[in-house]
Each structure stands twice: as structure tokens, then as C-alpha cells.
Amino acid sequence: MTTLSPTITPRERAAIQQATAPFWRRKIAEMREELAWTTSQLSMRAAEHGAIEAEQAQNQAALREAQVQIIAADEAAERLRRDNAEMRKALAEERTREINLRVDTALATYCDKKDLSESSRKMLTHLCSTLPDEFDRAYPQIDSEHQHLLRNFTARGSRDPRGGALPPDPQPMALEQIAAAIQREHPGVAYEHALDRAEKLIKGAQK
């Protein structure tokens, strides 16, 4: 036996719609609120994503700039190391030239008085490079214009600094002779001044 559905009359349908209308109105309002909230959340997430992408772009640019600065700093440090190495080399060469000049001067000045020869060069170079003050005390510098007078004054059976023999001087030069020699070389120098310079020259040689 077939059961037939009861037929809803228009009046009944209207009553049902009127009874359920508040529910559906609330439901639609809730759905609209949820849609608005979801839309706002999506907008916020989009804004945050854009901010994150912008920050990442800034970080990448800063990283590239930092890498450029690091490369430039490395190049500058390498140039500084090269400059320092060249400066140290130049200073060492200048120091070597200075030592060689002082040793040459000591050999030329004191070859007679202290029996120095070319074979003394290694010892003198070592002394001058390691103990320069001691070297200066042992071999004080004499002004170049009077070095030949010192050699004459101290020569007696002397030797050339290169090792060869020099003819002996029969008598050391006296103080007056050195003063006279200074006056001959410098005619404008008074005798008293020349005598004083000669005395200082002899005292320097006798230290």
C-alpha cells in the first residue's frame, strides 16, 4: 500500500517560512560576519606577506652591499700589506746602506789607529747592526774634511783598510802641525780656532 505525502498548502508554506525566517536571517548574518572576518584576515596576511617580501628584498640588498664592502676591505687590506712589506723592505735597505756607510767610514778613519782592514768588515757590520751605540763609542765619527789628518796623526807602519801596506810615517803629526794643516785648507780660520779643532780631533781619535 503506497503512502502519499501530505500536500502543503500555500498557507502552511507561508507559515513555515515565517517561522524559520528569523533563523535564516541570523544564519545569513553570521555567514556575512564570518566572510568579512575571513576577508580581513586574508587582507592582513597579504599585507604581512608584502611586508615580508619587502624586508627580504632589503635584506638581500644589504647583503649584496655588505659583500661589496667586504671585497673592498679585503682589497684595501691586501694593498696595505703590500705597502707595509715594501716599506719594511725600503727601511731595511736604507738601514743596510747606513750600516755599510758607517762601516766604510770606520774602516777609512781608524784603519791605522785600531789596525782595521777589510777582513774586519764582517765584525764591524755585526757590531753596528746589533749594538749601534757601542759601535759609535768605539768608532766615533770624524768630520770628513779632517779624516785624512787623523790618519796622518795616527799613522806609523799603518795598513790600507783593504789590506795593503802603506808606507810608515816617520813621526806622528804634532798638535801644531794639524792646526797648521787646518789653516792651509781653510785660510780664513784663526790659529786659535784651528788649534782647538785640532785638539778635539786628536782627543776623538784617542778615545
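Just so you know, all these numbers are worked out from the coordinates, no wet-lab data involved. Because the structure is predicted, anything quoted here is derived from the model rather than measured. Note that we place each Cβ from the backbone using ideal geometry, even for glycine, and neighbour counts take in every protein chain shown.
For the residue pair Ile8 and His193, what label-to-label distance in nm results when each label sits 7 Å from Cα along the Cα-to-beta-carbon direction?
Between Ile8 and His193, the label points sit 14.1 nm apart.
Just going by the charge dipole of segment 1-128, with Lys and Arg at +1 and Asp and Glu at -1 on Cβ, which of Ala92, Ile71, Ala14 is farthest out on the positive end?
Ala14
For each of Lys89, Lys113, count neighbouring Cβ atoms within 10 Å of the residue's Cβ, then give the residues from fewest to most.
Taking fewest neighbouring Cβ atoms as first place, the list is Lys89, Lys113.
So for each of 10-22, 118-130 I average, over its residues, the number of other beta carbons within 10 Å; can you give me the resulting order with the highest mean first?
Final packing ranking: 118-130, 10-22.
For an R0 of 35 angstrom, estimate the FRET efficiency from the Cβ-Cβ distance between Arg121 and Ala180 and round to the nearest 0.05.
Values: r = 34 Å, r/R0 = 0.98.
Calculated value: 0.55.
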